[in-house]
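Here's the structure, in structure tokens; my notes come after.
Any read-out appearing in this document is the output of simple, stated calculations on the displayed coordinates, not a laboratory observation. Because the structure is a prediction, the values reported are computed rather than measured. Note that we place each Cβ from the backbone using ideal geometry, even for glycine, and neighbour counts take in every protein chain shown.
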Amino acid sequence: MITFDNVTFGYGAKPVLRNATLRIGADERVAILGGSGEGKTTILKLILRLITPDSGRISVDGVDITDLPEDELRDIRRKFSIVFQEGALFDSLNVKENVAFCLREFSDMSEERIDAKVRELLRVVGVEQAIDLMPSELSGGMHRRVAIARSLAAFEPEMFLFDEATTGLDPVNAERICRLINEICREGTGLIIVTHKVIDAIRVANRFLFLLDGRIVFDGDRQALLGSDDPAIAEFLNEFRLDVGEEVKTVVETVKDAAGAEKVKVSGAKGAAGAGKVKVGGAKSAAGAGNLKVSRVKSYAKEVKSKTGTVKGKTGNIGKSVKQKKEKF
């Protein structure tokens, strides 16, 4: 679907992307990794031809868009749906009007149908209750969810583009956004996600590009990425270990909170039953609810155990890598 042939781009005298050559299929799930200023977002802008390369050629579905005039780019751009960094919602419009914007621009739907469509999209991303709120009233996670809902409006894209979709979010909300991305792309729709968070890239992608000094220095699958001995990639894997460790900590705290809450609920149900303050049937119902919650706690515990194993494995790999580098010196 997308082809870059020896593409170079820079701002003034500062090169950002150097001689990039790549091909991405319509059904691929690609993560572009790298530090700030390495050209990750620049690739997305070039795909949409929001900027023009200094040299090289760019094609989408076999059409060379490198020098395509602006009035001929609309059909190309509609093949994609992009979620911008920080969501980029219109500050002066509420949630409903943000999502409805594309429906009004690119369809002839009645106001009644637009209202129904907006509610449907917000329901899909889990924020229908925020329909009348302004962007300034949304949490970070809700902001991104509304942005994704807006990206789903008006037409069915062939590929989604995500620019730092989870940056600035806590681990729980970042995981929710990744789960949502997987849900909307589960029918084979491809995606490209730009991120510096390896853990989120691994959650949604199966092919990974790594940029360094404006060049693509790595292009491979998850196993190759995690096994790379490139120093720059190893540094990113260290961040991955810290991110997973933070997730484990969050899940552990959730388990503790849930377990503590269940102790209160169960003891409260028993006390109420003994004192005759509630009917026996109500006490049994409360106890049943307690058992259900306890099963959730057990599920959390299993997740903690799994993630802890992942952390230990990654820690061991990074430790071996460091040891090998020391031996070289």
Q. Under a plain spin-label model, where a point goes 7 Å from the Cα along Cα-to-Cβ, how far apart in nm are Val217 and Thr52?
A. 3.2 nm
Q: With a point put 7 Å past each Cα toward its Cβ, work out how far Ala88 is from Glu70 in nm, to one decimal.
A: 1.6 nm
Q) Local charge sum around Met134 (other residues, Cβ-Cβ under 12 Å, Lys/Arg +1, Asp/Glu -1)? A) -3
Q: Just subtract the alpha-carbon distance of Ala234 and Val124 from 0.36 nm times their residue separation and send over the number in nm, one decimal.
A: 35.9 nm
Q: Note the direction-averaged projected area, equal to a quarter of the hull surface, for the Cα convex hull of segment 2-230, in nm².
A: 13.1 nm²
Q: Pull out a ≥ b ≥ c, the square roots of the eigenvalues of the alpha-carbon gyration tensor of segment 140-187, then state rounded if a/c is under 1.5, prolate if not and a/b is larger than b/c, and oblate in the remaining case.
A: prolate
Q: Compute the distance in nm between two label points, each set 7 Å from the Cα along the Cα-to-Cβ direction, one at Ala26 and one at Asp61.
A: 0.7 nm
Q | Footprinting exposure proxy for Leu48, Leu17 (fewest neighbouring C-beta atoms within 10 Å first) | A | Leu48, Leu17
Q.
Need one number: the % of Cα-Cα pairs in segment 117-213 sitting beyond the 17 Å mark.
A. 51 percent
